[in-house]
């Protein structure tokens, strides 16, 4: 039985969020999980030179947002049922909160003991680097639970093939298996892949890669790959295309690995045109 019982889905009511919400509803059905849908209203201030919250205006915005949120959820249910048959009636709680989006989302995730946060992402030219807006980036960096991001044009399909991007850290396998129950309903084939640039300290034989993951026996099929590429990001992009990957998965213990993958200056210049969901495992 999956340990994913509560999913937090922040929304800004955009078409990108609407598309991601369909993914969220279906995953919740697989996991028999409750979905907590939240829209965060930023406080209105009385004047720029007077940082006093205008409670009346803010309250009006929150009330209007709650109506829009109801329509958002209803539309998502209707659209999802056009191509997917729910095993159970989804349990969806709707919330409108007032505050700063990132902090509010993280606070809710902690207070409600959320197991998974799902976000829709939209980026200029659909590049992987730019697909993470400020809210998504903040949630990815600071959330303590796994975070799944859904690109704006990603269509739902079962997860049969997963690419797990490994940086060969000793704790990598532990955190992977700790969160592996997220994949349990799909019984996928997992490609553990390390992309390196050919530097001496990055070159590790396939046998060594297997050894790192050998202490835990997985409930999924695993294959191991090590690829040399001038760019880590472009190397992963190529791997995704070559192996028809459905889900990109990685572990982010702190900003070092996620920064290397998403925020390195080289990455900002690359068009990583991923069209698949990405799951970031946290501690």
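Among residues that are modelled with pLDDT of 95 or more and at negative phi, residue 96 is included. Does any residue of the range 193-203 turn out to be modelled with pLDDT of 75 or more, within 20 Å of residue 245 (Cα to Cα) and in a helix (DSSP H, G or I)? Taking every residue of the range 193-203 in turn, none turns out to be modelled with pLDDT of 75 or more, within 20 Å of residue 245 (Cα to Cα) and in a helix (DSSP H, G or I).
Criterion applied to 70, 138, 103 was being within 26 Å of residue 282 (Cβ to Cβ), at pLDDT 90 or above and assigned to a helix (DSSP H, G or I), and the one residue passing it is 103. For residue 130, the criteria (1) at pLDDT below 90; (2) buried (at least 22 other Cβ atoms within 10 Å of the Cβ) hold in every case but one, which is (2).
The values are calculated or read from the model by the stated rules, or taken from the named source; none is laboratory data. Every value quoted in this text rests on a predicted model; they were computed, and no experiment measured them. Note: ideal-geometry Cβ built from the backbone for every residue, glycine included; neighbour counts use all protein chains shown.
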